[in-house]
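Colleague: Pasting a structure below so you can have a look.
The values are calculated or read from the model by the stated rules, or taken from the named source; none is laboratory data. A quick note: this is a predicted structure, and the numbers were derived from the prediction, not measured. With ideal geometry, Cβ positions are generated from the backbone for all residues, glycine too; neighbour counts draw on all protein chains shown.
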Amino acid sequence: MLYSSQVPIEQSALLVIDAQDSFKATPRWTRRNNHNFETNVAALIDAFRDASRPVIFFLHNDDDPYFEAGSPYVKLMDFIKPRAGEPVLYKDTRNCFTSTGLGALLLKHNVRRIVVTGIQTEQCCETTTRVAADLGYAVDFVTEATMTFPIPNDDVPGEELGVEEIVCRTEYALRKRFATIVSVAQVQEELRTLRAVPA
């Protein structure tokens, strides 16, 4: 595993994964965890922009209701306003690499370290992290800038995995194997060391 401490923040990019209205249209939205999600993601977007580092957004398509290609819900949440030059990539896989041109984009910007945020913590965010680590990237996983929902057990009616356990299991699985678990404040502090390029 390549650790974040081995790759300077100057070679980083922010991935904002599936922060889209599709989730808000589903009944599970009322059971989301992390009500600071929007604030934390917005803070990281601002920090990366101030440091003149890439910010890359993703939207997910699949056959689930509200996620179908062409659905009006497949759009970034209102708190996100991409700037010119900030890519919005569509994907139809759980990870952000397989069905997009992300690898080539990161190479173009000399990125060897990625910072992962978005929805859902244990699905697209965790899967992207695992693939990125296996591809040789250093990964910072910002749990407090991810969001998830309880997961029902389809084999046992009425049973579900709660959000606290989901987050705990994700961090245990990723820590020191696929990623460094970091806070918004830690990433912001590192980015402050960079001089922003004047607009």
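Colleague: Looking only at region 102-111, decide whether some residue is in contact with a Ser or Thr (Cβ under 6 Å, 6 or more places away or on another chain) and in a loop (DSSP other than H, G, I, E, B).
Modeller: no
Colleague: Checking the structure you have, find out if any residue of region 153-161 is among the β-branched types (Val, Ile, Thr) and closer than 19 Å to SER12 by Cα.
Modeller: no
Colleague: Filter region 135-166 for residues that are in contact (Cβ under 8 Å) with a residue 60 or more places away in the chain, at negative phi and out of contact with any Asp or Glu (no Cβ under 8 Å at 6 or more places or on another chain) and give the result.
Modeller: TYR137, ALA138, VAL139, ASP140, VAL142, GLU144, ALA145, THR146, MET147, PHE149, VAL163, GLU164
Colleague: Right, another one. Answer yes or no: is there a residue in region 173-191 that is in contact with a Lys or Arg (Cβ under 8 Å, 6 or more places away or on another chain), within 14 Å of THR117 (Cα to Cα) and among the β-branched types (Val, Ile, Thr).
Modeller: Looking for residues that are in contact with a Lys or Arg (Cβ under 8 Å, 6 or more places away or on another chain), within 14 Å of THR117 (Cα to Cα) and among the β-branched types (Val, Ile, Thr), one finds at least one in region 173-191, hence yes.
Rundown of residues vs (1) part of a helix (DSSP H, G or I); (2) farther than 22 Å from THR143 by Cβ, yes/no style:
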| position | (1), (2) |
| --- | --- |
| SER5 | yes, no |
| ALA13 | no, no |
| ASN33 | no, no |
| ASN40 | yes, no |
| ALA43 | yes, no |
| SER52 | no, yes |
| PHE67 | no, yes |
| TYR73 | no, yes |
| LYS81 | no, yes |
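Colleague: Of all the residues that make up region 117-160, how many are outside any loop (DSSP other than H, G, I, E, B) and not small (Gly, Ala, Ser)? Steps first, please.
Modeller: The initial filter retains those residues of region 117-160 that are outside any loop (DSSP other than H, G, I, E, B), namely 117-119, 121-134, 138-147, 151-152, 160.
The next check asks that each one be not small (Gly, Ala, Ser); those that pass are 117, 119, 121-131, 134, 139-144, 146-147, 151-152, 160.
Summing the residues that are outside any loop (DSSP other than H, G, I, E, B) and not small (Gly, Ala, Ser) in region 117-160 gives 25.
Colleague: So, one more: Which of the residues belonging to region 16-31 are over 14 Å from GLU144 (Cα atoms) and either of a type in the set (Val, Ile, Thr) or not in a loop (DSSP other than H, G, I, E, B) (or both)?
Modeller: Matches in region 16-31: GLN20, ASP21, SER22, PHE23, LYS24, THR26, PRO27, ARG28, TRP29, THR30, ARG31.
Colleague: Within region 6-51, take every residue that is polar (S, T, N, Q) and in contact with an Asp or Glu (Cβ under 9 Å, 6 or more places away or on another chain) and give me the one that is modelled with the lowest pLDDT.
Modeller: THR26
Colleague: Starting from region 116-128, keep only residues that are over 18 Å from ALA138 (Cα atoms), then list their pairs with residues that are among the basic types (Lys, Arg) whose Cβ atoms are within a distance under 6 Å, requiring at least 6 positions of separation or different chains.
Modeller: Between residues of region 116-128 that are over 18 Å from ALA138 (Cα atoms) and residues that are among the basic types (Lys, Arg), the close pairs are GLN123/ARG94.
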